[in-house]
Amino acid sequence: MKIGFVGLGNMGAPMALNLLKAGHAVAVFDLNAAAVQTLVAAGARAAASPKAAASDAECVMTMLPAAAHVRTVLTSEDGVLAGIASGVTIVDSSTIDPASVKEFAALAAARGNAFVDAPVSGGTGGAAAGTLTFMVGGSAAQYEQVRPVLAAMGKNIVHCGDTGTGQVAKICNNLVLGVTMAGVAEAMALGAALGIDPKVLGGIMNTSTGRSWSSDTYNPFPGVIETAPASRGYTGGFGTDLMLKDLGLATDAAKSVRQPAFMGALAQQLYQAMSSRGDGKLDFSAVIKLYRAKD
């Protein structure tokens, strides 16, 4: 297929690369010229704007930091909706609030286009390996239409329900992720302070009831998991500011339906403290720094 792809960040770039590897013709746009050139070197075509990326596409994908960016990419003078042909589906894999998804779907529908929310889980490693989980919100027909494209980038393609439910699944998943990472960080810091070897403690947790993705794959203590961001200075992962944004989406959504989110609110404050002290660009597992005096 001819696919327009807008947003070549830590997640978007490897996702677009996997589309190329699957044989799709991909036109890419990003404000970061270096990111565009990396994809061009791999076989993509550089587009001068989101409008140009969408102009002859059979499917358009966006992977952006926040709802404000999605809105701009869709509705600006040189945006996707200004260039896309009627009947072409837009798939947004950004993590944004469900209300914005419904707004964007209405804007797209007015132009004759479907808008499907398909946020992802699996991190940068999953994006590179093509093993992401896609949480898809849209009609059954829309899901079947986009599933072959998403399968080039992910292993688990899940239909969550109507438009917006993909984002519901994502913010609930990341609520758990933010809370569990804070819990693992607290436990690992406590164990180290009490004198146990962090690798020993991590190994015990990962073969016991404390096991989670935050402990066995992304452990926040340096050196416990050699492939985790903690072992490379908390770089190249999922930024603290992005986790803070996602927890904000979760707590705001909880308020909208008067649903308590006690742990989510506390975790949000922990990551806010990280961001406020200038660590917002570090991987979110750096939350362990709040528990370690020398950090």
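When the convex hull of the C-alpha atoms of region 2-162 is computed, what volume per residue in Å³ does it have?
Here the figure is 92 Å³ per residue.
With θ set to phi - 60° and the Karplus curve 6.51 cos²θ - 1.76 cosθ + 1.60, what are the ³J(HN,Hα) couplings of region 45-51 in order, to the nearest whole Hz, using x for Gly and Pro?
Each residue's phi maps through the Karplus curve to give 9, 6, 10, 6, 6, x, 4 Hz.
Where in region 232-247 is the amide nitrogen less than 20 Å from a point lying 7 Å along the Cα-to-Cβ axis of Ala265?
244-247
Using the basic label-point model (7 angstrom from Cα toward the beta carbon), what is the Ala66 to Thr207 distance in nanometres?
It works out to 4.5 nm between the two label points.
Could you give the nm distance between label points at Glu144 and Ser231, where each point is 7 Å from its Cα heading toward the beta carbon?
Rounded to a tenth, the inter-label distance reads 4.5 nm.
Count the DSSP beta bridges whose two residues both fall in the chain, then state the antiparallel fraction as a percent rounded to the nearest 5.
Approximately 15 percent, going by the DSSP bridge assignments.
Once amide H atoms are placed 1.01 Å from N in the peptide plane, what residues at a sequence separation of 5 or more from Ile3, or on another chain, have their amide H within under 5 Å of its amide H?
Under 5 Å from the amide H of Ile3 lie the amide H atoms of Ala25, Val26, Ala27, Glu58, each far enough along the sequence or on another chain.
Taking the chain as a Gaussian network, Cα atoms linked when under 10 Å apart, which of Met181, Met243, Met263 shows the biggest mean-square fluctuation?
Among Met181, Met243, Met263, the largest mean-square fluctuation in the Gaussian network model of the chain belongs to Met263.
Specify which residue in the list Val257, Tyr143, Phe221 is farthest towards the positive end of the charge dipole of the chain, using unit charges on the beta carbon of Lys, Arg (+1) and Asp, Glu (-1), about the Cα centre.
Phe221
Three principal axis extents, largest first, for the C-alpha atoms of region 97-207, in Å?
63, 28, 18
Using unit Cβ charges (K, R positive; D, E negative) and no other charged atoms, how large, in debye to the nearest 20, is the dipole of region 140-295 about its Cα centre?
Its charge dipole is roughly 120 debye.
What angle, in degrees between 0 and 90 and rounded to the nearest 10, separates the Cα long axis of helix 240-256 from the longest principal axis of the Cα atoms of the chain?
80 degrees
Most fluctuating residue of Val158, Val184, Val120 in a GNM of the chain with Cα springs under 10 Å: which is it?
Val158
With springs only between Cα atoms under 10 Å, which of Arg71, Arg258, Arg211 fluctuates most in a Gaussian network model of the chain?
Of the options given, Arg258 has the highest mean-square fluctuation.
List the residues whose amide H sits under 5 Å from the amide H of Val91, counting only those 5 or more places along or on another chain, with H placed 1.01 Å from N in the peptide plane.
Val60, Met61, Thr62, Val116
Apply the Karplus parameterisation 6.51 cos²θ - 1.76 cosθ + 1.60, with θ equal to phi minus 60°, to every residue of region 214-223 and state each ³J(HN,Hα) to the nearest whole Hz, in sequence, with x for glycine and proline.
Per residue, the Karplus-derived 3J(HN,Hα) values read 5, 9, 8, 10, 10, 3, x, 8, x, x Hz.
To the nearest 20 debye, what is the magnitude of the charge dipole of region 37-122 about its Cα centre, counting +1 on the Cβ of each Lys and Arg and -1 on the Cβ of each Asp and Glu?
60 debye
Hand me the tally of lysine pairs in region 2-162: alpha carbons under 22 angstrom apart, and the pair either on different chains or 8 or more positions apart.
Here the count comes out as 5.
What list of ³J(HN,Hα) values in whole Hz, one per residue of region 86-101 in order, does the Karplus curve 6.51 cos²θ - 1.76 cosθ + 1.60 (θ = phi - 60°) give from phi, with Gly and Pro shown as x?
Going residue by residue, I get 4, x, 7, 8, 9, 10, 9, 9, 5, 9, 9, 7, x, 5, 5, 4 Hz, with x marking Gly and Pro.
Bear in mind that the values in this text are calculations on the coordinates, not laboratory data. Please read these numbers as outputs of a predicted model, since none were measured by experiment. Here Cβ is always computed from backbone atoms with ideal geometry, including for glycine, and neighbour counts include all displayed protein chains.
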